[in-house]
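What follows is a short report on a single structure.
The values are calculated or read from the model by the stated rules, or taken from the named source; none is laboratory data. The structure displayed is predicted, hence computed values, not measured ones. FYI the Cβ positions are ideal-geometry reconstructions off the backbone, even for glycines, and counts take in every protein chain you see. For accessibility, only protein heavy atoms count, side chains too; no ligands or nucleic acids. Shrake-Rupley method; radii C 1.70, N 1.55, O 1.52, S 1.80 Å.
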Amino acid sequence: MTMLLLFLGTMALSLYASMRVKSAYNQYSKVRASSGYTGAEVAQRILDLNNIRDVSIHAAPGHLIDHYDPSNRRLVLSEENYYGTSVAALGISAHECGHAIQHKQLYAPLQWRMAAVGITQIASQVVMWVPLIGLFGGFFPYKLAITIMALGFGIMMLFQLVTLPVEFDATARAKKVLASTGAVAMGGEYNAMSKVLDAAALTYVAAFVSTLGYLLYYVLQLTGMRSSDE
């Protein structure tokens, strides 16, 4: 019952965060920035202002698939944000540029997150398969399976914890540069752009809370098993 409630609770939180992002984006993607810049133009301008010459900007099909690829030094924007002139498009483009700036400046939390990507991907596979082949298939002793699950969610929780300052910092950089360059006018345009980025940040908070919840569940399971052994 506890696991079911945890699953439903984290699912509800994730859905709420996702709905907030989609709602804010859909609303403010209709608000055109008075500067007339496209997302790609704002991104290039921000990179130039920070003397970043080795990051390329690319358009890609898809909805809200925008990201910065540090391995290939590519800034990938969805076509609606690459070509779009809305305050939402400019905000998201500037946010992804924030990650490129972090990379250039060797921003510590970003470096930690990059270093942890490999082990986190392994951990996410482990927590998916152990319940199937371990707990239900009987391949692992119950206590060992619970320990592995706790370690897996511990790694994922730390990754999500490190992600929070990375994303919050990128958002702060985006808001500052868009205001200082006049790409987004202060007042209504700035407030609308901020709502989009703040809603996006909520998804990372939801991911952290979810992994923390599962970690605590398995840690409590281990604690209870040790107490019963004494």
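What the table below lists for this structure:
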quantity	calculated
Residue match in the range 24-31 (condition: within 23 Å of His103 (Cβ to Cβ) and surrounded by fewer than 14 Cβ atoms within 10 Å (Cβ to Cβ))	no
Members of the range 69-85 that are in contact (Cβ under 8 Å) with a residue 12 or more places away in the chain, open to solvent by 10 Å² or more (accessible area, probe 1.4 Å) and over 16 Å from the mean Cα position of the chain (by Cα)	Arg73, Arg74, Glu79, Glu80, Tyr82, Tyr83, Gly84, Thr85
Any pair with Cβ under 8 angstrom, 6 or more apart, that starts in the range 184-198 at a residue that is over 17 Å from Leu64 (Cβ atoms) and ends at one that is of a type in the set (A, V, I, L, M, F, W, C) and not in a helix (DSSP H, G or I)	Val184/Ala33; Ala185/Ala33; Gly188/Val31; Glu189/Val31; Glu189/Ala33; Tyr190/Val184
Subset of the range 216-230 that is assigned to a helix (DSSP H, G or I) and either at pLDDT 95 or above or among the charged types (D, E, K, R) (or both) - its residue that is least open to solvent (accessible area, probe 1.4 Å)	Asp229
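Yes or no, residue by residue, for (1) more than 21 Å from the chain's Cα centre (by Cα); (2) at pLDDT 95 or above; (3) within 19 Å of Met128 (Cβ to Cβ):
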| site | (1), (2), (3) |
| --- | --- |
| Ile155 | no, yes, yes |
| Leu161 | no, yes, no |
| Pro165 | no, yes, no |
| Asp169 | no, yes, no |
| Ala172 | no, yes, no |
| Gly182 | yes, no, no |
| Leu197 | no, yes, no |
| Tyr204 | no, yes, no |
| Tyr214 | no, no, yes |
